[in-house]
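No value in this document is a laboratory result; all are computed from the given coordinates. Small disclaimer: the values here were computed from a predicted structure and weren't measured. Here the Cβ positions follow ideal geometry from the backbone for every residue, glycine too, while neighbour counts run over all protein chains shown.
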Amino acid sequence: MDVYLLTLVLFSIGIYCIVRKRNVIKTIIGVIILEYAVNLFFILSAYRTEGRAPIFMQEEEIVNMVDPLPHALVLTAIVIGLATTALLVGIAMRLYEKYGTFDITKIKELKG
Amino acid sequence: MDASLFRIDSLSIFMGIFIGLFTLLTIIYSFGYMKGRKGLLRYYSYIILTLIASLGAVFSNNLILFIVFWGFLGMLLYLLIQFGWKETTSYTAKKALIIIGGTDAFMLLGLALIWHLTGSLQMDQVSIGLTSKVAVIAYLCLASGAFAKAGAMPFHTWVPDTAEDAPASIAAFLPASLDKLLGIYFLARLSLEVFRMTPGINVFLMVIGSVTIVAAVMMALIQHDLKRLLGYHAVSQVGYMVLGIGTGNPIGIAGGVFHMLNHSIYKSCLFFSGGAVEKKTGTTNLDKLGGLAKIMPITFITFLIAAFSISGVPPFNGFASKWMVYQGIIKTATNGSGLWIIWLVAAMFGSALTLASFMKLVHAVFLGQPSEEVKKKKQGEVGPSMWIPTVILAALCVIFGVFAYRVPLKMFIFPSLGGVPEFTGIWDPGLATALIVLGIVIGFVIYLMGTALKTRTTETFVLGEFIEDHPDMRLSGTDFYNTIKEIGILKVIYRLAEKKVFDIYEVGAKATLGFNGLLRYMHNGILLTYLAWCLFGTGILFWVLLR
């Protein structure tokens, strides 16, 4: 249970970083932290105490193995996360070219 | 069940005849008044379309069909006001459209409630007692549409603005005659057929009527613009019609409907005459007018007749219908409540103030010394297409007053309401007219014998200065009632009225813009704030869905 709470703390740090930090680069780092927190949560949910890797072998009884499905999913999510991070950084660069700043509060064209 | 879309009965035929008459007179008048303006083809097509839509509205029996024609009239009003040439015209047109369109939405709501209550939308098959809350709400929703169209308080504010900014022909055509006819027609249909009235609702209508009469006429007293002043009177007179229908007894209702007809006649006449003055002098500002009686004698006489008529001076038609409304009010005393004295005082007080403000108007426009602008104009009436309609309407004012029982009441009002109501008191228009004429002749003779022969005419004495050097040294009528602005509580009310506190449109606009301001403040353009709101919303969603 403690590890889940620690994951929640990591998740909250990510949220805090996105909502409070003005610098776009810091926001992107917040997104990454958030993503890792979610990945970690999935992996933890698949883990069993004293479990072993789910490798099928002859003449061996399979007991107490960890769930392989979240592992596969997280592997995919990490790759996708890499792509989204690259996209975010690209957008941040274009923002800097256009406005000359990374401060998100200076970019106010949504003002009603 | 028989579900005919249209219905022809004597009330709608009577309405149809006068809608046609006013359209005809407006078109004749427009030949002179609108000469040389742009877009006349559109102008006349809109007038014809207004005629068709009005006839459709008064002859329709199905409420959905009725509301379609009604909405069409609101749009045509907007388009016709746009033919004015003042700077504020488009603002006024927008205001009229929003007030009328907004109440149309209320009417649709009322329609839905009627469907909910009865399952029928045929006017002649529905009869709802105003006992449940839903029925009262439905009645108020539908009546608000009638009030906005006729210009009763609190939906009156588009009428004075329209009167000032629209062309005089349109001011006479829509707010003064057709919209009054339709609004009061619908109120009468609602109150007499679709709903069965209760004493509470009757008192509500009478309160609206009395407040409208007195408040609008007080505003009219202090106006400085000819057409705007007439516009406030167009609001004030609606009070008598609502009051008459609110009495709930046959004579009062007949008086209200008769007053609606009379109002359309004399108010069109006044607007037409005012338009003739505007055409001649190029202004409607009372400070710049004066002494036009010698230049435009026909307009002066028609204006005077209509002014007497609206003030309720016998034997003109305004008196005949006001007298019936008064009788209706007195008859409500038999219900046992003592409130009738308030309505009666309000109605009579309003009538007296109307006369007072018309003394100011007639003095400022036609009598007194001519202003500099007027002196430059040469002698002569406006063209015949402009004075013929005013003469016809002035003649109708006299005929409907002197022969009130023989012509309009017998031919139009009583058949349409079914049955002759019982009159109280003695009133013979013919005898009264003879007595009044006799009284005026005797008074004139006494005046001639007594004072007129002894007076002498002399130059104005201004301490040796030349009067020609001081064109402001003349008494125009505009300052007549300025002192009432300084009296105690009236001072406060007038100041609030000038700030447009009582204007439902301005109040609504302020409320809407204030709400918008709150939303604008929340949309500060900073992404982080939006994210925080999203997070907050997600939290609420989770709490609602997962608790």
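Cβ crowding within 10 Å ranks B:Ile8, B:Ile392, B:Ile98, B:Ile489 as B:Ile489, B:Ile8, B:Ile98, B:Ile392, fewest other Cβ atoms first. Taking Lys and Arg as +1 and Asp and Glu as -1, the other residues whose beta-carbon sits under 9 Å from that of B:Lys280 total 0. Here is the tail figure for the range B:504-546: Cα pairs spaced more than 14 Å apart come to 65 percent of all pairs. Neighbours of B:Glu87, meaning other residues whose beta-carbon lies under 12 angstrom from its beta-carbon, give a summed charge of -1 when Lys and Arg score +1 and Asp and Glu score -1. Between B:Glu381 and B:His523, the distance separating the two model label sites (each 7 Å from Cα on the Cα→Cβ line) works out to 6.0 nm.
For chain B, taking the reciprocal of the average inverse distance between every pair of different Cα atoms yields a Kirkwood hydrodynamic radius of 25.1 Å. Hey, which lysines would be in cross-link range of A:Lys98, C-alpha to C-alpha under 25 Å, not counting anything within fewer than 8 residues on its own chain? Excluding near neighbours in sequence, the set is A:Lys21, A:Lys26, A:Lys106, A:Lys108, A:Lys111.
What number, rounded to the nearest 500 deg cm²/dmol, is the helix-based mean residue ellipticity at 222 nm of chain B, given -39500 (n - 2.57) per DSSP H run of at least four residues and division by all its residues?
On the way: 21 runs with 364 residues, N = 547.
Taking each H run of at least 4 residues, the total per residue is -22500 deg cm²/dmol.
Tell me, what ³J(HN,Hα) does each residue in the range B:282-290 have, in order and in whole Hz, if you take phi through Karplus 6.51 cos²θ - 1.76 cosθ + 1.60 with θ = phi - 60° and put x for Gly and Pro? Once θ is set to phi - 60°, the couplings for the range B:282-290 become x, 8, 10, 6, 5, 5, 9, 9, x Hz.
For peptide A:22-29, the mean count of partner chain Cβ atoms within 10 Å of a residue's Cβ comes to 1.
Name the longest site-free stretch of chain B, where the excluded sites are GluC sites (Glu not before Pro) in a DSSP loop with no more than 12 other beta-carbon atoms within 10 Å.
B:88-421
Against chain B, whose longest principal axis is taken from its Cα atoms, helix B:10-33 shows a tilt of about 60°. Our Cα-only numbers for chain A put the radius of gyration and Dmax at 19.6, 70 Å. Straight-line cross-link reach from B:Lys331 at under 17 Å between alpha-carbon atoms covers these lysines, not counting any fewer than eight positions away in the same chain: B:Lys322. The H on the amide N of B:Ile128, modeled in the peptide plane, is under 5 Å from the matching H of B:Phe195, B:Arg196, each at least 5 residues off or on a different chain. Over the C-alpha trace of the range B:185-281, radius of gyration and Dmax come out as 15.4, 52 angstrom. Annotation: extensible slack from A:Glu97 through A:Asn64 equals 6.4 nm (criterion: 0.36 nm per residue apart, minus Cα-Cα distance).
Evaluated at q = 0.12, 0.18 Å⁻¹, the base-10 log of the normalised Debye intensity for the range B:35-172, with identical point scatterers placed on the Cα atoms, takes the values -0.53, -1.00.
Calculate the FRET efficiency for A:Leu73 and B:Ser4 from the Cβ-Cβ distance with a Förster distance of 56 Å, rounded to the nearest 0.05. Before the final figure, lay out each step's value.
Numbers: r = 69 Å, r/R0 = 1.24.
Computed FRET efficiency for A:Leu73 and B:Ser4: 0.20.
Eigenvalues of the alpha-carbon gyration tensor of the range B:140-225, scaled by 5 and square-rooted, set the equivalent ellipsoid semi-axes at 25, 16, 8 angstrom, largest first.
Along the range B:92-101 the Karplus relation, 6.51 cos²θ - 1.76 cosθ + 1.60 evaluated at θ = phi - 60°, assigns HN-Hα couplings of 4, 4, 5, 4, 4, 5, 5, 5, 6, x Hz to successive residues, with x for each Gly and Pro.
Just to confirm the number: angle between the C-alpha axis of helix B:488-498 and the first principal axis of chain B, 0 to 90 degrees, nearest 10? Around 70 degrees separate the two axes. Put a plus charge on the Cβ of each Lys and Arg, a minus charge on the Cβ of each Asp and Glu, and nothing anywhere else: the dipole of chain B about its Cα centre is then about 360 debye. Here the protein assembly as shown is treated as a Stokes sphere of Kirkwood radius computed over C-alpha pairs; at 20 °C and 1.002 mPa s its diffusion coefficient rounds to 72 µm²/s. Residue order for B:Met197, B:Met153, B:Met324, fewest other beta carbons within 10 angstrom first, comes to B:Met197, B:Met153, B:Met324.
When the trypsin sites (Lys or Arg not before Pro) in the range B:329-401 are filtered for DSSP coil states and for at most 15 other beta-carbon atoms within 10 Å of their beta-carbon, the remaining sites are B:Lys377, B:Lys378.
Neighbour counts of C-beta atoms inside 10 Å place B:Trp340, B:Trp158 in the sequence B:Trp340, B:Trp158, starting with the fewest.
For the range B:1-156, lysine pairs separated by 8 or more sequence positions, or belonging to different chains, with Cα-Cα distances below 25 Å total 10.
Only one residue of B:Leu286, B:Thr50, B:Ser416 has its Cα farthest out toward the positive end of the dipole of chain B, where Lys and Arg carry +1 and Asp and Glu -1 on Cβ, and that residue is B:Thr50.
Each of B:Ser236, B:Phe186, B:Ile330 was placed along the dipole of chain B (beta-carbon charges, centred on the mean Cα), and the one lying farthest toward the positive end is B:Phe186. Restricting the trypsin sites (Lys or Arg not before Pro) of the range A:24-102 to loop positions (DSSP other than H, G, I, E, B) with no more than 16 neighbouring Cβ atoms within 10 Å leaves A:Arg48. Phi-derived couplings, Karplus 6.51 cos²θ - 1.76 cosθ + 1.60 at θ = phi - 60°, listed residue by residue for the range B:77-82: 4, 4, 5, 6, 4, 4 Hz, with x used for Gly and Pro.
For B:Leu513 and B:Val437, FRET efficiency with R0 = 60 Å and r from the beta-carbon atoms, rounded to 0.05? Mind dumping the intermediate values first?
Numbers: r = 58 Å, r/R0 = 0.96.
Computed FRET efficiency for B:Val437 and B:Leu513 comes out at 0.55.
Percent of C-alpha pairs per 10 Å bin in the range B:288-378, short distances first: 16, 34, 23, 15, 8, 3, 0.
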